[in-house]
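Here, each number is a calculation from the coordinates, and none is a lab measurement. Since we're looking at a predicted model, the values are computed, not measured. Note: ideal-geometry Cβ built from the backbone for every residue, glycine included; neighbour counts use all protein chains shown.
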Amino acid sequence: MSLPSVSAVIATYQRRDLMARAVRAVATDPYVDEIVVVVDGSPDGSYELLTEMAADDPRIRPLWRENGGEAAARQSGVEEATGDIVLLLDDDVIAGPGLSRAHAAVHACTGGGGGDAPGVVVLGYMPTRRPAVRRPGGFTTDLYADEYEARCRRYESDPSTVLRNCWAGNVSIRRADALRVGLRGGGPRLAYHSDQEFGLRCLRAGLTGVFDRGLVAEHHHERDLDTFLRQARNAAADRVALERLFPDLIPPGGLRDTLPLPVRAAVAATAAPGLCRVAVPVLRWSIRLAGRLRLWRLESALGRYLRQVELHRGYRQPALAGMTGAAGAAG
C-alpha cells in the first residue's frame, strides 16, 4: 500500500524554545517530507532560530508573516506546503515517534489520501503532560487535562462529535481539502475556538472526522491564572458566535456547560455586575492562597468555580453587545 506524502505545518507565537522542541520531535520521523513553520509575527527570535535549524535539516522551512492569529498562520503554512497530507501541530505539542507516517497510513486506509471525493480529518491523541510535582497554580493544567480526556472518551463513544467538537493540535487532513475548506472562516476572528470552527466547516463540507488514540503526541500545556480566566471568557464568547454561525449544526445553548441548578444560580449571582467586582478578586486571592498553602483540592475547586463565573460573563458579553448594537440601529 502506497502512502500519501506528508507536510507538517506548525504555527508559532512567542514559544521559541518549546517550538524548537516540537520541530525537532517531528523531524525525527524520516517519512515527513517537509516541516513548514509559520512564525506569526513573534519577536522572540523564533525565525532566526528556525533559519539556523534549516541549515542542518533542509526539510525545515521557516515562514514569517505579520501577526494575524493562529488560523491565518496555519492557512499560510498550508498554502506553502506541498505534501498530499498536511499534519497540523501546535507549537507546544511534541510528536511521538513515527507520527507523520502513522497519520499517512490512516489516510491511506480510509481512502483519504487522494481522489476527488471528500476525505477525512484525522485527530490524533495528545495527552497533556502533567508535572511530576504539583505547584501552586498547577490546577489549570489538571483541569485542562481532565477536560481533554473526557472529550477523547466522547470521540470514541460517539464518533459524530469528532468534527462537531474538534480539538486540534495533532490533526491531519488532505491538503486539497484543507485549501477547499480554508483554515480560517469568513466570520469573526475567534480568540479560542478556531479549532472547533474549522471542524464545523469541515463537517458542513462533507468531510468525516476520525479519532485515533494510536497517533500520539504530548501536549506541554502551561497557563497562569490570568490567562486561564481570560481564555474562559473568550471560550464562552466564541461558543455563542459558533451557535450563530452554525445553527444547523449546533442547537442554541448546545455548547454550554451543564451545571446543577443550585450551582448555576450561584454562578449567575457571582457573575452579576454588582457582585462580580468584589467576588472575582476575592476568589482569585483565595485560589492563590490555597495554592501557597498546598491545599490542592480547594485550589482546584475554587478554580473550577471561578472558571464557571468567567464562562458566564463571557456568555453575557456577546448578548449585551448585541442588545447595544440593536438599540443603536433602532435609534
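Rounded to the nearest 500, the helix-only mean residue ellipticity at 222 nm of the chain stands at -17000 deg cm²/dmol, with each DSSP H run of n ≥ 4 adding -39,500 (n - 2.57).
Counting Lys and Arg as +1 and Asp and Glu as -1 over every other residue whose Cβ lies under 11 Å from the Cβ of residue 241, the net charge comes to 0. A simple count of charges around residue 197, restricted to other residues whose Cβ falls under 13 Å of its Cβ and scoring Lys, Arg +1 and Asp, Glu -1, yields +4.
Report relative contact order for the chain in percent, whole number only (criteria: Cα-Cα under 8 Å, sequence separation at least 6). Value for the chain: 18 percent. In a simple Cβ point-charge model (Lys, Arg +1; Asp, Glu -1; nothing else charged), the chain has a dipole of about 1520 debye relative to its Cα centre. The calculated FRET efficiency for the pair residue 224 and residue 297, based on their C-beta separation and a Förster distance of 30 Å, comes to about 0.90. The Kirkwood hydrodynamic radius of the range 179-314, based on inverse pair distances between different Cα atoms, is 17.2 Å. Ranked by the mean number of other Cβ atoms within 10 Å per residue, highest first, peptides 3-11, 261-269 order as 3-11, 261-269. Summing charges over neighbours of residue 41, with a neighbour being any other residue whose Cβ is under 12 Å away from its Cβ, gives -3 when K and R count +1 and D and E count -1.
Over the chain, consider all pairs of different Cα atoms and compute the Kirkwood hydrodynamic radius from their mean reciprocal separation; express it in Å, one decimal. Result for the chain stands at 21.1 Å.
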